[in-house]
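Here is the structure we will look at, set down as structure tokens.
The values are calculated or read from the model by the stated rules, or taken from the named source; none is laboratory data. Not measured: the values here are computed from a predicted model. Cβ: placed from backbone, ideal geometry, glycine included. Neighbour counts: every protein chain shown. Heads up: the accessible areas ignore ligands, DNA and RNA and are worked out on the full protein's heavy atoms, side chains in. Shrake-Rupley method; radii C 1.70, N 1.55, O 1.52, S 1.80 Å.
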Amino acid sequence: MIFRKLYLFLIAIPSFTDTKAEEILEIGKEQYQIHCIACHVTDESIVGPSLIEISRLYQKDNTKHFIEWCLAPGKKRPDSVQMPSMAHVGEKNLAAIHSYLLEEVKGKKQKRPTKVRSWKQDDFPMPKTRPLVQRMFLENSGPATITVALAEHDLNFAFDAGSCRLRFVWQGAEFIRAWPYWQSNGNAIVRIVGEMRYEENSPPFQAADSSNPEEVKFLNYQLDKAGIPTFRYHRGGVLFEEKITANQEGDGIIRRLKTDGSTAIKLTTPENAQLESNPKSDLLTAEQARDFSLHLKWIKP
């Protein structure tokens, strides 16, 4: 407890010295939609308090305490779900979220609750809007797993940021059952809801001449205008950018990949799947590897 208090005391408010106010708000909005919207909406208390209520607790000059709470939250309401730590979001992004929520609530009023919810059942409300990006703890995947609900064909996938690779794809409108995660303050395994379509034991692409192909480092991910993430990471000394979408038929995925063009890329067909690449080759030259796609269809049992 002493070390925790000392850590919070030493927190400095992150600086956006070279960033315009509009860009800060855009960063805050993006990070809010990724990490916060499942529990906090603008004018209504659902799982957690509304942005209006949060803005009253943490006003413009209170960014430091807002970040402190997000890094090591407690439990203020005995009948509510305790918020898990948002340390993985990063202090700079948390500061941007704070700026965004203060702007978002301007001129808006809190709605009166229509009914009292009981959080003693597995009824955690996942947002119905797709696409949706959520960081969760899933079975058979690392602790830095990012789950994505795609808009097409109710397809969902899990990307393990720790090992920088796709883990599995499943199909189901409900996406995930996240109640155990929130109920345990982020310490429980989340259950996926739907039918497993594809599991990947290792990536079907790697640097052809890398001395250490398994060396990985996750950088970040960025959302496009539709809300689809592009993951950026190093694998085997090569910078990859990977974007995963559903194919037109709904029986596979399309993986759009870009590299820094420093080396050729070797492709291998994964188990229980058909793999086609564009260009059509098992060995892409360094130039071809700058921008290519993999069309993967799972083989039905």
Problem set entry | First in the range 259-276 and free of Cβ contacts under 8 Å to residues at least 40 places away in the same chain, second anywhere and open to solvent by less than 20 Å² (accessible area, probe 1.4 Å) and not in a strand (DSSP E or B), Cβ under 7 Å, 6 or more apart | 259/289; 261/289
Exercise. What single numbered condition from (1) under 27 Å from residue 171 (Cβ atoms); (2) open to solvent by 70 Å² or more (accessible area, probe 1.4 Å); (3) of a type outside the set (Asp, Glu); (4) not in a strand (DSSP E or B) fails to hold for residue 270?
Worked result: (2)
For this session: Take residue 193 and decide whether it is open to solvent by less than 60 Å² (accessible area, probe 1.4 Å) and within 15 Å of residue 146 (Cβ to Cβ).
Result: no
Exercise. If the Cβ limit is 8 Å and pairs must be 6+ apart or interchain, which residue in the range 49-68 that is over 11 Å from residue 98 (Cα atoms) pairs with which residue that is at pLDDT below 90 and open to solvent by less than 20 Å² (accessible area, probe 1.4 Å)?
Worked result: 68/11
Exercise. Considering 98, 88, which residue is surrounded by fewer than 15 Cβ atoms within 10 Å (Cβ to Cβ) and either assigned to a helix (DSSP H, G or I) or among the aromatic types (Phe, Trp, Tyr) (or both)?
Worked result: 88
Exercise. Which one of the conditions (1) in contact (Cβ under 8 Å) with a residue 60 or more places away in the chain; (2) more than 30 Å from residue 27 (Cβ to Cβ); (3) not in a strand (DSSP E or B) does residue 289 fail to meet, given that it meets all the rest?
Worked result: (1)
Exercise. Inside the range 235-276, can you point out the residues that are among the polar types (S, T, N, Q) and over 26 Å from residue 195 (Cα atoms)?
Worked result: 259, 262, 263
Exercise. In this structure, does residue 254 turn out to be among the aliphatic types (A, V, I, L, M), open to solvent by 60 Å² or more (accessible area, probe 1.4 Å) and out of contact with any Phe, Trp or Tyr (no Cβ under 8 Å at 6 or more places or on another chain)?
Worked result: no
For this session: Scan the range 210-232 and report the pairs whose first residue is within 24 Å of residue 152 (Cα to Cα) and whose second residue is part of a loop (DSSP other than H, G, I, E, B) and open to solvent by less than 50 Å² (accessible area, probe 1.4 Å), with Cβ atoms within less than 7 Å and a gap of 6+ or a chain change.
Result: 226/131; 227/131; 228/131
For this session: Would you check which residues across the range 163-190 are of a type in the set (Gly, Ala, Ser), modelled with pLDDT under 85 and open to solvent by 10 Å² or more (accessible area, probe 1.4 Å) and list them?
Result: 184, 188
For this session: Could you please let me know if residue 227 is in a loop (DSSP other than H, G, I, E, B), within 18 Å of the chain's Cα centre (by Cα) and on the phi > 0 side of the Ramachandran plot?
Result: yes
Exercise. Right, residue 76: among the charged types (D, E, K, R) and at pLDDT 80 or above or not?
Worked result: no
For this session: Report, by residue number, each residue of the range 207-251 that is modelled with pLDDT of 85 or more, of a type in the set (Gly, Ala, Ser) and exposed (fewer than 15 other Cβ atoms within 10 Å of the Cβ).
Result: 226, 250
Exercise. Quick one: in the range 134-151, which of the residues that are touching a Pro at 6+ places or on another chain (Cβ under 9 Å) and at pLDDT 85 or above is nearest to residue 231 (Cα to Cα)?
Worked result: 146
For this session: Mind listing whichever residues of the range 138-153 are touching a residue at least 60 places away in the same chain (Cβ under 8 Å), in contact with a Phe, Trp or Tyr (Cβ under 9 Å, 6 or more places away or on another chain) and either aromatic (Phe, Trp, Tyr) or closer than 21 Å to residue 254 by Cβ (or both)?
Result: 146, 148, 150
Exercise. Is it the case that residue 106 is over 21 Å from the mean Cα position of the chain (by Cα) and not β-branched (Val, Ile, Thr)?
Worked result: yes
Problem set entry | Flag if residue 245 is among the β-branched types (Val, Ile, Thr) and farther than 24 Å from residue 30 by Cβ | no
Exercise. What pairs can you find where one residue is in the range 192-208 and polar (S, T, N, Q), the other is surrounded by 17 or more Cβ atoms within 10 Å (Cβ to Cβ) and part of a loop (DSSP other than H, G, I, E, B), and their Cβ atoms are less than 7 Å apart, with a gap of 6+ or different chains?
Worked result: 206/213; 206/236
